[in-house]
Amino acid sequence: MPLALVCLCLLSVTVAQAQSTDAPKDTGSSDVTVTLHADQPLGKVNPNIYGHFAEHLGRCIYEGIWVGEDSSIPNTRGIRNDVTAALREMNIPVLRWPGGCFADEYHWMDGIGPRDKRPALINTHWGGVVENNHFGTHEFLDLCEQIGAEPYVCGNVGSGSVQEMMNWVEYMTSDADSPMANLRRANGRDKPWKVPYFGVGNESWGCGGNMRPEYYADLYRRYSTFVKNYSGNRIFKIAGGANVADYNWTEVLMSRAGRLMHGLSLHHYTIPTGNWGRKGSATEFDEAIYHKTLSRTLFMDELVTKHSEIMDRHDPNKRVGMVIDEWGIWTDVEPGTNPGFLYQQNSIRDAIIAGLNFHIFHKHADRVSMANIAQTINVLQAMILTDKEKMLLTPTYHVFEMFSVHQGGTFLPLQIETPDYTVGDSSIPAVSASATRDADGEIHLSLVNTNPNQALRVTCSMNGAEAKNISGRVLTAPKFNSYNSFDAPETVKPTDFDGASLRGNQIEINLPSKAVVVLSLR
Ligand code: AHR
C-alpha cells in the first residue's frame, strides 16, 4: 500500500477565502473531494485510541466519580450512577489512573482496607488539598468493572520503591496463596482482577522526578523487571515517554530499554495561546485564537510522525506501541475556581480538536496503540462536568460517543483535496476526514469542518465499495465558542444528519461549518 495515500488526509491543495455563510455555494462543483480507498484496507484502529484518564486532581475522582456510599446522589458502592451510565454509553475501552503527577506520590497501601482507617495525605501537585484515600485500588477496579473499561494503572517510580510496585501488581492480579493476594482477600476481594496495562512512572522528566532520560531508562529497566505476570494476567508495560518534542528522550529510551517495554508514552497538550502562563479562556476567545488553537492541535501529526521515525529505527516491526496517554486542550481555569483543580469548560472548539486528533491517531494506527484524553470528568478537556448532583455531557463527550463506531475498525486510507481555512497569515486545512470498516462490513466516514464561517460541499468517491444506505449524525453549534452549561446543557449535542446522499459509489455531503459529522454506509 503506497504510504502517500495514508498521509494525504490533512493535505490542503487550494486556498479559499473564508466567507460568512453557512450554506454551501450552489456552483454545482465540490469544494472538497475525497477519494476513499476501500479496496486498500490497512491495519486495525486499536479501540484503546479512544481511552481515558482519571487522576486524583480537583473534582475528577472526588465528586466526579466518587461520592461515597452515604451520598444522596444515587450511587453503586459509592460511585455515582449518572456518571457510570454516561461512560458506559460512550464505550470507554481503557481508563488510566491514579495519575498523572499524582501517581508518583501515590502509595497504594494508603488506599486499601476500611475507609475510616485509611491515612490522609496532602495532594501536593493539585491544590494542596487533603486526599482521604477513600477512592483506592478496589474502588478504581470496581469503577472499571461498572463501566466495562480495562484498567491502566500507573505506578510510582518518583517516590515509591520497587518492592511497593511489585507488591501492588501481586495484590491486584495474583490468585496464589501469597501475602499480597491474601491481603486483597482480607479486604473483601477474593478473585484477582485482570490489569492488562501498567505504567512505570509518569513524566519522569518533570513532576515524576526531574530525571535525565539515561537515568530513567535505567530505572525503567529495574522497576519493570519486577512488574510480573501472575495467574494468567499478561501486563503490557508502558514506559514514561517524552514531553512533546523531546525526541532525544525517545531515542534514549528506545535504545536503552526498548526491548523491555510494550509501550512508550507521549504527552502533548494543546495550549490555545501557546503560553503556559496565560493559556486562554475555554469559552471567551476570538476567531484568531480559535484558529490558532486548531493549528496547534494539528502539531500532533508532526509529533507522532517524528517520534515514530525514531521508534521505527529501533523497532522496525512496530512491536512497541506509542501510548499518547495525555492529550487534549488545556486552558485557563474557569474564573473563581481553584487554579490547582484545572476545571475548564468545553466548547464546540474542543469537539473539533477531538475529531482532528482522532483522525491523526487513525492515520498512525500502525504505531499508536493507545491514547487517553485528559481527563474524564471536571478536569481539562472533560467528557462530563458535574455540579454536586447535576451532570452535563460536553461537546467532547459527544465526539467520543459518535466516533466509537471506529473502535477496532479496519483503517481505510483516503485522499482529500480541501481548501484552507485561513485567518490572517495562518492557514489550516478546512476539512479533515477518516474512514474505517467495521466487522459487519459497514463503512464509517468521519469529517471535520474547522471553518466556523463556511459550510462546504464535499464529494466522496469510494473505490472498492458500494453502499445502498447512508445515515449519519452531526455535531455543530451556533457559535465557535458555544458550550453546554448547567442552565443550557443541550446547546451542543448531536442530531441526525440529512445532508448526505448517495449516487452510485459517490457520496455528496453538505458539511456544515464548525462541525463534526459521522456517516455510516451499508
Ligand atoms: O493532566 C494533568 C497533568 O498534566 C498530569 O498530572 C501530568 O502528567 C501532566 O503534566
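When Arg313, Arg278, Arg259 are checked against the criterion of being closer than 30 Å to Pro339 by Cβ and either open to solvent by 50 Å² or more (accessible area, probe 1.4 Å) or among the basic types (Lys, Arg) (or both), Arg278 stands alone in meeting it. Can you confirm whether the stretch 355-365 contains a residue that is of a type in the set (A, V, I, L, M), assigned to a strand (DSSP E or B) and crowded, with 23+ Cβ neighbours inside 10 Å? No: zero hits. If only residues of the stretch 96-126 that are open to solvent by 40 Å² or more (accessible area, probe 1.4 Å) and within 16 Å of the ligand (Cβ to nearest atom) are counted, the one that is nearest to the chain's Cα centre (by Cα) is His125.
Pairs linking a residue in the stretch 130-149 that is within 15 Å of His107 (Cβ to Cβ) to a residue that is assigned to a helix (DSSP H, G or I) and of a type in the set (S, T, N, Q), with Cβ atoms under 8 Å and 6 or more positions apart or on different chains, do not occur. Scanning the stretch 141-171 for residues that are surrounded by 21 or more Cβ atoms within 10 Å (Cβ to Cβ) and within 16 Å of the ligand (Cβ to nearest atom) yields Tyr152, Val153, Cys154, Gly155, Asn156, Val157, Gly158.
So which residues in the stretch 449-466 are more than 18 Å from Pro512 (Cβ to Cβ) and either within 27 Å of the chain's Cα centre (by Cα) or open to solvent by less than 20 Å² (accessible area, probe 1.4 Å) (or both)?
Residues satisfying the conditions are Met462, Ala465.
The residue that is farthest from Asp350 (Cα to Cα), counting only those in the stretch 387-400 that are in contact with a Leu (Cβ under 8 Å, 6 or more places away or on another chain) and surrounded by fewer than 24 Cβ atoms within 10 Å (Cβ to Cβ), is Met391.
Among the residues making up the stretch 191-205, a single one is open to solvent by 10 Å² or more (accessible area, probe 1.4 Å), in contact (Cβ under 8 Å) with a residue 60 or more places away in the chain and within 13 Å of the ligand (Cβ to nearest atom): Glu203. Every test in (1) in contact (Cβ under 8 Å) with a residue 60 or more places away in the chain; (2) more than 20 Å from Arg259 (Cβ to Cβ); (3) open to solvent by 40 Å² or more (accessible area, probe 1.4 Å) is passed by Arg222 save one, and that test is (2). Only one entry of Gly28, Gly78, Gly68 meets the criterion of being modelled with pLDDT under 95, more than 16 Å from the ligand (Cβ to nearest atom) and surrounded by fewer than 23 Cβ atoms within 10 Å (Cβ to Cβ), and that entry is Gly28.
The values are calculated or read from the model by the stated rules, or taken from the named source; none is laboratory data. Worth saying up front: this structure is predicted, and the values here are computed from it rather than measured. Cβ coordinates were reconstructed from backbone atoms using ideal geometry, including for glycine residues, and neighbour counts include every protein chain displayed. In case anyone asks, the SASA skips ligands and DNA or RNA and just uses the protein heavy atoms, side chains included. Shrake-Rupley method; radii C 1.70, N 1.55, O 1.52, S 1.80 Å.
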